[in-house]
Structure formats: structure tokens, C-alpha cells
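Engineer: Below is the structure I would like to discuss, written out as C-alpha cells.
The values are calculated or read from the model by the stated rules, or taken from the named source; none is laboratory data. None of these values were measured; they are calculated from a predicted model. Quick reminder, even Gly has a Cβ in these numbers, built from the backbone with ideal geometry, and neighbours come from all protein chains shown. Side chains are part of the model used for accessible areas, which takes the heavy atoms of the whole protein and leaves out ligands, DNA and RNA. Shrake-Rupley method; radii C 1.70, N 1.55, O 1.52, S 1.80 Å.
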Amino acid sequence: SLAGVVLVRRARVGAAVLLAFAVALARADAVYRPWVAADDVAALELPAHVAVAAEVVTEPEVRTGGLRLLLRVERIGSGAAARPAQGTILLSIRNPGRAWARGDRLAGTLRLRRPRNFGNPGEFDYERHLARRGIGVSGFAWDDAALARSAGDGAAPLARWRAGVAQVFEAHAAPVEAALLKALVVGRSADLPQAVRDRFAQAGVSHILSISGLHIGLVAAVGYGVFRWLLARSEWLLLHLVVPRLATALALVPVLLYAGIAGTNVATVRSVVMAALVLGAVLGSRQANLPVILALAALGIVIADPGVTGEVGFQLSFAAVAGLLVATQRLERWWRVRAEDPLRQLRPWRERLVRAAAAFAAVSVAALLATAPLVAWHFNFVSLAAPLANLVVNPVLGTLVVPLGLLAALLQPLAPEAAGWVTALAAPLVRLGVWLVGQIAALPFASVRVATPSALQLGLFYAAAIALAFAARLKPRVAIPAWAALLAVAVAPGVWPRHGDGALRVTFLSVGQGDAAVAELPDGTVMLVDGGGLAGGGFDVGERLLAPFLWSRGIDRVDVLVVTHPQWDHYGGLGFVAAEFAPAEVWSGVAAGEGAGWERFAATVARSGAREVLVRSG
């Protein structure tokens, strides 16, 4: 709808927008309710154990709970009953014992079922997440010992290049540094430890970990600078061509090369499309039409990739870019007025310094304000340290590490030893960047946990924000505080509370094995009785199921945690709640818990400061 607001200036444009949205909606419906062919594996009666022959079509994804492979089915059944088939399967292997690779072929009996959610309010919609990727069947195997594996014909040249670059990083940098380099250069972030991811999130710089607009924009800017300098060495080119425009056109070459190295993930493709459109606008002297270009990019991506609007990355990317465009346009107007005041004239170097500082402050605050409500909606926290983190971390990991990583990637096929030297040069900078992120994330109130804002709150916030953005008469000193006040309203946990309304409400949650029940008492007291817990430890029930439900109810504090008995499937999910929801009391029975899991839970309770109450008969 925002794209429509920007584009509707004439009746024909408005009609085109409506038609585009109608096509996009129709295609999105086909994503979530796809037509299934008779020979598709999704047409089988599931769940079932099925003999499958398939090809691994993406790089294996290593996770805490094992390995995940995306398979393209070739045959199902065994012996005389084998027949050709199609479709995709997302296979999870709990205890992998082999080194799987893209292009390998797999054959064996798998336990197949249709992906399903747990069914709790507020949880991540896993079914639709997989549907957007064309995955309608999931499989599971405890190990891969019984699976036949044959090496494929070899990965595509770009895939081999990415694998070679990853090997160089692993050979010449420590594990965490290598993992971060792989995330920044070849788009492989699966090896990043969860603790590192959490610190980047708390500092508000998670966008650095994925190849998105920041990296693509940096590559385009560096490419433009290099090509312009090289072209300016020729007097003939300077006399016969417009060198800045030619350099702008050539800047797309390193962007496409970077995208080829990084792979075809959604964020990268989206960023490349945006970069191409912006470069085209500069070539056509249409910089003033960047909001329209942003809207066209959104429409084009939605039509080409139905259902993408459900992706968090899509929402955050376009919200951030829209905020940046508004901020820069308002800053330009403010700067022109300021420059006309003779009393404010400064020396040239001071003028450039003040302008750079003002630009950085404007874009940092704008990006934070534009994305914070969505971050609160999806992740239930707001990073207040994001402007500071972007100021000190982006120059290290973005401006220095990314170019060095790309240089190593370019050298890898030609001079692997030189690529190793460049990697060794980048490793200390990566270490510095990780250290800076850790220091910022450790600051008091670097990030604040919040309950899930309601859809009404988000709608009111963005409606008012758009109105403020287009109110040309409002000065920045009025508009920015007003926007900040709207942000506080959108994420404040006490606004329009959804619990404590004078009624008793008890919700029994689906947690797989075990139990979990949330009791909301008439006076607003919240009690959580047990917290489930799945075997294997790779899926935290507290973080993935209990907390999202509590936040969706507007609950940011649990008064009482109850552990009915010390078995993992009853207390396994309570550790996260004890750490994040500041319980006043923890009730437990006289039976003593045992094992490492119980010791971790007891330590978390002790750190939370909750009063431990031993409940006895009577």
C-alpha cells in the first residue's frame, strides 16, 4: 500500500499499481496453497516411511540439532515398486557421520511428513516459511549410516568457487573469524556461533551478518570510485565521454560478481535489484525519483517472488531504505536553509565534518526508527545502541573487512597463497569488530526486551510516521522527537495490555513432549506451570514457543514459575523464561533434580534472583 501511495499520481499509474498488487496476491495464494502434481512426493499419504532417491541441491546447513539437506526428489519406492517422482524434501539428520555436499545423490528410507506448526499463538509460522521456498515435505533421520551416498557430477563453477573461498578462510583464520568472513563474503552464516549472533542482535548490527544492502552498496561505491579513477587517467575518455556516468554503469559489474560469489539468497537478490535501479536512476539523472524507484523495486520483487512480503528481511530492508530516503531528503532541505545563513558559515573542512556527522546521525536514527517496530514485532527487542554500534562497527567490518574478503575471493582461483595472506590480514580486523560488538552489547540498556506490539499499534505508528515524513513544514527538531514518541508508543509493553482484565484465563500450550500451562489470574498475576522440553537440545521450547506466546499476550514478566517434577520434558523450556521474564518466585517439589540440564536450570534461576519455594504436601 505504501508503494501505491508513492506511485499513484495519475489514474493510469494507479491502475497499474492495482493490477500489479492483484497479480501478486493471486500468485501468493498459489504459494501457500499450491497445486500438487500426482507424481509429487507431497501427494503421498503422510506421515510415512518412504524409500527415496534424491539429489542435494543446496549447500548443507549445519545446525545445533544436526544437519539439514534440501533434496530434489528423483524416484520414490524400492525394487519393482520404484517410480519417477518430483518435489522437494527438507531432510534433518540428527547425527550426521558423513561430509555431504551439493550435488551428492542420496538413497534410503526416510520418515516423511508435512511441515506443521505447534499451533500456539505468537509462534513463528514455520509452515508458511517453508511454503515460500517451495517445500511441502520434511524428512527426518537419526543418522546417515543407512543412507547410500554417491558423489554428484560436481557443483557449478560459482559453487566450487564459493567452497574454495570458504576453505581459504577456514585455513587462515580462527573458527569465529572464518565463520564471520564466510558470512560476509560467500553468504554462509550457518557456522556462526549462536552467542555471536546474539551479541550482534543486541548491538543492533545483525544486518552486517547477511549479504544485504549495506554490502552491495559498499561494493557499488568502491567499484564506482575505482572505475572513475581509472577512466580519468585517459584524456580521450575525459574529452569524449561523461566519465562519472560510465563509471556508474561499470559499478554494476562488481555488484553482479559479488552476488555470484554470495549465492542467490533472497536478501542478496533483493539488494542487487535495488542497486541496479539506483544506478539506473543516477545514469538517467533521476535521483529525485528514488522513492518511486523503491516502490517499483518492491512491486517487481513481490510479483517475481510471491509471498516474499512475509519474509522479515524484505520488510526490514524496505522499511530501512524508506527511512533513509526520507532522512536524507529532509537533511538536504535543512542543509540548504542552513547554508544560506551567513552567520553559520564555517571553514570548508569544518563544513564537511559537520555535514558528515549530521548525515550519519540522521540516517542512523532514521533506520532505527523505521525498523524498530518491525524488530519488536518479530523479535521482541529494540536495540538502543544501534546508532553507536553502526558508527564504530561498520567502518571495521564493512569498510575494511568486506573489501579484503572480496580481494581474497578474487585471488583464490588465481593465487591461493596470496588469498591466504589477505585473509590473515583481515582476521585481526574481524577479531576487533567482534570485540567491539561484544563491548557495545554489554552496555546497560543496549537492547530492551518488549512484548509484541499489536497490529493496531504498528499500523498507527507507520501511518503517523508517513504523515510526518511528508509534512514538509515540520522541522527536524520537531519531526524526530515526534517520531521517537510514536516509537515509544508502538513498543511500550504497558500500552493496551492484553492480560489482567479481571478474568481468569488458562492456556495449555502445545510443546511436543511434556506439558506447559499459562495461568493469567484476575489481578494480572501470571503463573507458568511447567515448560516442556524436546530431546536433543537443539530446539529451545522456552525461546521458540513459551516466550512468543507470553509476548503475544503483552506479558513481559512471569510472577511464578512452577516445576511439577524435575524431568526435562517439564522444565526444559523454563530456563529461557527464568532468564528473560524476571520471575518473582520459582515453585518446585521435594524431588531433587539430577544431570547437567537441571544444573543449568538451577544456575539460571539463581542468577534471576527469584525466590525459590519448596512446595510440600498440604
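Engineer: At a Förster distance of 25 Å, what's the computed FRET efficiency of Arg431 paired with Gln167, Cβ-Cβ distance as r, to 0.05?
Structural biologist: Once the sixth-power term is evaluated, E becomes 0.80.
Engineer: I've got another one for you. Given axes a ≥ b ≥ c from the Cα gyration tensor, I'd like to know whether region 505-603 is rounded (a/c under 1.5), prolate (a/b larger than b/c) or oblate.
Structural biologist: Numbers: a/c = 1.71, a/b = 1.37, b/c = 1.25.
Because a/c hits 1.5 or more and a/b exceeds b/c, region 505-603 counts as prolate.
Engineer: In Å and whole numbers, how far do the C-alpha atoms of region 160-217 stretch along each principal axis, longest first?
Structural biologist: Extents along the principal axes: 32, 26, 15 Å.
Engineer: Moving to a separate point now. At 1.4 Å probe size, with no ligands or nucleic acids counted, give the accessible surface of Thr88 in Å², nearest ten.
Structural biologist: 40 Å²
Engineer: If you average 1/r across every pair of different Cα atoms in the chain and take the reciprocal, what Kirkwood value do you get, in Å?
Structural biologist: Every distinct Cα pair counted, the radius reaches 27.3 Å.
Engineer: I would also like to ask the following. I'd like the accessible area for Arg228: 1.4 Å probe, protein heavy atoms, all chains in place, Å² to the nearest 10.
Structural biologist: Probe radius 1.4 Å; accessible area of Arg228 about 100 Å².
Engineer: What do you reckon, how do His215, His240 stack up by accessible area (1.4 Å probe), largest on top?
Structural biologist: Most to least solvent-accessible, the answer reads His240, His215.
Engineer: Right, next: Can you give the calculated 222 nm mean residue ellipticity of the chain, where each DSSP H run of n ≥ 4 adds -39,500 (n - 2.57) and the sum is split over every residue, rounded to the nearest 500 deg cm²/dmol?
Structural biologist: -16500 deg cm²/dmol
Engineer: Output wanted: per-residue J couplings in Hz (rounded whole) for region 412-417, from phi through Karplus 6.51 cos²θ - 1.76 cosθ + 1.60, θ = phi - 60°, x for Gly and Pro.
Structural biologist: Going residue by residue, I get 3, x, 9, 9, x, 5 Hz, with x marking Gly and Pro.
Engineer: HN-Hα J couplings of region 32-39 from phi, Karplus 6.51/-1.76/1.60, θ = phi - 60°, integer Hz, Gly and Pro as x?
Structural biologist: Taking θ as phi minus 60°, the curve returns 7, 10, x, 6, 10, 5, 5, 9 Hz for region 32-39.
Engineer: Accessible area per residue of the chain at 1.4 Å probe, in Å²?
Structural biologist: Counting only protein heavy atoms, the per-residue value for the chain is 51 Å².
Engineer: So, one more: What is the sum of charges around Gly97, taking Lys and Arg as +1, Asp and Glu as -1, for the other residues whose C-beta is under 9 Å from the C-beta of Gly97?
Structural biologist: Every neighbour counted, the sum reads -1.
Engineer: Give, as a single signed number, the net charge of other residues whose beta carbon lies under 15 Å from the beta carbon of Leu252, with Lys and Arg counted +1 and Asp and Glu -1.
Structural biologist: +2
Engineer: Please report the net charge: other residues with Cβ closer than 11 Å to the Cβ of Val31, K and R +1, D and E -1.
Structural biologist: For residues surrounding Val31, the net value is +3.
Engineer: Rounded to a whole number, what % of the accessible area of the chain do carbon and sulfur atoms account for, probe 1.4 Å?
Structural biologist: That share works out to 62 percent.
Engineer: Provide the packing ranking of 198-208, 139-149, i.e. peptides ordered by the mean count of other C-beta atoms within 10 Å per residue, highest first.
Structural biologist: Ranking, from highest mean packing down: 198-208, 139-149.
Engineer: I would also like to ask the following. How much FRET efficiency would the formula 1/(1 + (r/R0)^6) give for Arg350 and Thr328, where r is the Cβ-Cβ distance and R0 is 25 Å, rounded to 0.05? Walk me through the numbers on the way to the answer.
Structural biologist: Values: r = 21 Å, r/R0 = 0.85.
According to the calculation, E is roughly 0.75.
Engineer: Next question, about the same structure. Ranked highest first by the average count of other Cβ atoms within 10 Å around their residues, in what order do 425-437, 599-611 fall? Display every interim value, and only then the final one.
Structural biologist: Details: 425-437: 19.1, 599-611: 15.2.
So the peptides 425-437, 599-611, ranked by packing, come out 425-437, 599-611.
Engineer: Which value, in Å² rounded to 10, gives the accessible area of Trp229 with a 1.4 Å probe and all protein chains present?
Structural biologist: 150 Å²
Engineer: Another one. Please list the non-local residues whose amide H lies under 5 Å from the amide H of Leu384, H modeled 1.01 Å from N, same-chain partners needing a gap of 5 or more.
Structural biologist: HN-HN under 5 Å from Leu384: Ser447, Val448.
Engineer: Right, another one. Under 5 Å between amide hydrogens, which residues at least 5 positions from Val586 or on another chain qualify, with H placed 1.01 Å from N in the peptide plane?
Structural biologist: The list, which skips near neighbours in sequence, is Leu561, Arg611, Glu612, Val613.
Engineer: Residue by residue, what Karplus-based ³J(HN,Hα) values in Hz, rounded to whole numbers, does region 503-519 have, using 6.51, -1.76 and 1.60 with θ = phi - 60° and x for Gly and Pro?
Structural biologist: So the J values, rounded to whole Hz, are 10, 8, 10, 10, 10, 9, 9, 7, 10, x, 6, x, 9, 6, 9, 10, 10.
Engineer: Could you rank Leu180, Leu391, Leu252 by how accessible they are, 1.4 Å probe, largest area first?
Structural biologist: The residues order as Leu391, Leu252, Leu180, largest area first.
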